[in-house]
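*Asks:* Take this structure, written in structure tokens, and hold onto it; I'll ask about it next.
What follows is calculated from the coordinates using simple rules that are stated; it is not laboratory data. Every value quoted in this text rests on a predicted model; they were computed, and no experiment measured them. Heads up, the Cβs are rebuilt from the backbone with ideal geometry, glycines too, and the neighbour counts pull from every protein chain shown.
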There are 2 protein chains.
Amino acid sequence: MNKKFEEKTTRKKSIFKGKIIDLDVHEVLLPNGKESKREIIEHPGAVAIITFTPEGKLILVKQYRKALEKAIAEIPAGKLEKGEDPLECAKRELEEETGVKARDWSKLNSFYTSPGFANEIVHVYLAEGLEVGIENTDEDEFVERVDVTLEEANQMILTGEIHDAKTIYAVQYWQLRQLRAFH
Amino acid sequence: MNKKFEEKTTRKKSIFKGKIIDLDVHEVLLPNGKESKREIIEHPGAVAIITFTPEGKLILVKQYRKALEKAIAEIPAGKLEKGEDPLECAKRELEEETGVKARDWSKLNSFYTSPGFANEIVHVYLAEGLEVGIENTDEDEFVERVDVTLEEANQMILTGEIHDAKTIYAVQYWQLRQLRAFH
């Protein structure tokens, strides 16, 4: 399958190397022998964390997203430093963004966010057994923690306050968990 | 909330204008008065379609994704043409990629895929009431249709054959639908 559809790079041009993303344009040879171009964003990858308060609320952080020109509420997340272990990154990001630590960590899933043009992958963890960590004193973070019920989360999807793939994934995960608990 | 965290652009530099994406670097003023830069991908937006065969299988298409250097199976999807209505785009993409038409369409959700650096939004539709459409004769598409059971889809998530956010969203949507049907 991979071989059959493979697109071989014949030439690669580096357009931009940034703080967060790089952009390359690949000239590729298609399976039918024709040539085409692929605009590819290189991204270091990211982590995201699903975690609940002792009261059973999902912990979200609101932050301004320049790409969207609006603030949205997302599950805590952050991009990987070069060579960083995803689990270590997840632990760091959870504490930095929400002020809590968790004892028990499990990997739920990984997914590519935009396979058509970017190699960004998000590793999603479930963090359980919360302890209060450091106070969130990083004043350059500009994030605001908000804990929500499942009903509130569903309402926020309708209003667009929750509006990104990983957080909608998290809300679906939560709904599935609750429905399975009934069985 | 939006005002409080807003990042105002003080200067914008266009780095690249491509076939699919544009890249701009914004110099922004942070809420604390400091300056920073934001690398932003402009994308026209996309649609994705959840649809089931009369036998109750989910229709996927396998295709090579240059950004990942591998082929993955995804729900049918495609990017919007400039000014195109998302629903019309969804109808077109479903027929082009899978050879089927659907009578009944409903919007399930919209989500941003990578809010940290891109404004790509995916509009997800449920398509029901399938009819056989045109044969898929677009030889430049290089997609291969594959219809899967829920069990197969879950297995494909484990093996990485299904590996992107919108398709994992679709599989969770399917699981939720099945669990709710039990109640």
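*Asks:* With the requirement that a residue be over 22 Å from residue B:167 (Cα atoms) and within 7 Å of chain A (Cβ to nearest Cβ), what does segment B:1-20 give you?
*Replies:* B:1, B:2, B:5, B:6, B:7, B:15, B:16, B:18, B:19
*Asks:* Among A:51, A:98, A:10, which is the only one that is touching a Leu at 6+ places or on another chain (Cβ under 7 Å) and either more than 30 Å from residue B:143 (Cβ to Cβ) or crowded, with 16+ Cβ neighbours inside 10 Å (or both)? Can you show your working first?
*Replies:* Numbers: A:98 fails: touching a Leu at 6+ places or on another chain (Cβ under 7 Å); A:10 fails: either more than 30 Å from residue B:143 (Cβ to Cβ) or crowded, with 16+ Cβ neighbours inside 10 Å (or both).
Just one listed residue meets the conditions, A:51.
*Asks:* Test each condition in (1) away from chain B (no Cβ under 14 Å); (2) buried (at least 18 other Cβ atoms within 10 Å of the Cβ); (3) not small (Gly, Ala, Ser) for residue A:105 and report the one that comes out false.
*Replies:* Unmet for residue A:105, out of (1) away from chain B (no Cβ under 14 Å); (2) buried (at least 18 other Cβ atoms within 10 Å of the Cβ); (3) not small (Gly, Ala, Ser): (2).
*Asks:* In segment B:86-124, how many are closer than 15 Å to residue A:67 by Cβ, touching a residue at least 12 places away in the same chain (Cβ under 8 Å) and not hydroxyl-bearing (Ser, Thr, Tyr)?
*Replies:* Within segment B:86-124, residues that are closer than 15 Å to residue A:67 by Cβ, touching a residue at least 12 places away in the same chain (Cβ under 8 Å) and not hydroxyl-bearing (Ser, Thr, Tyr) number 7.
*Asks:* Can I ask one more? Please specify each residue of segment B:73-87 satisfying the condition of being in a loop (DSSP other than H, G, I, E, B) and under 13 Å from the mean Cα position of the chain (by Cα).
*Replies:* Those that are in a loop (DSSP other than H, G, I, E, B) and under 13 Å from the mean Cα position of the chain (by Cα): B:75, B:76, B:80.
*Asks:* I need the full set of residues from segment B:1-36 which are in contact with a His (Cβ under 7 Å, 6 or more places away or on another chain) and among the basic types (Lys, Arg), in order please.
*Replies:* Residue satisfying the conditions is B:12 alone.
*Asks:* Of all residues in segment B:58-72, which are in a loop (DSSP other than H, G, I, E, B) and among the hydrophobic types (A, V, I, L, M, F, W, C)?
*Replies:* B:67, B:68, listed by residue number.
*Asks:* If you don't mind, there's one more thing I want to ask. Can we say residue B:39 is in contact with a Phe, Trp or Tyr (Cβ under 9 Å, 6 or more places away or on another chain) and either more than 14 Å from chain A (Cβ to nearest Cβ) or in a strand (DSSP E or B) (or both)?
*Replies:* yes
*Asks:* Then there's this: Which of the residues that make up segment B:113-134 are touching a Ser or Thr at 6+ places or on another chain (Cβ under 9 Å) and aromatic (Phe, Trp, Tyr)?
*Replies:* B:125
*Asks:* Among the residues of segment B:109-131, is any within 17 Å of the chain's Cα centre (by Cα) and in a helix (DSSP H, G or I)?
*Replies:* For segment B:109-131, residues within 17 Å of the chain's Cα centre (by Cα) and in a helix (DSSP H, G or I): absent.
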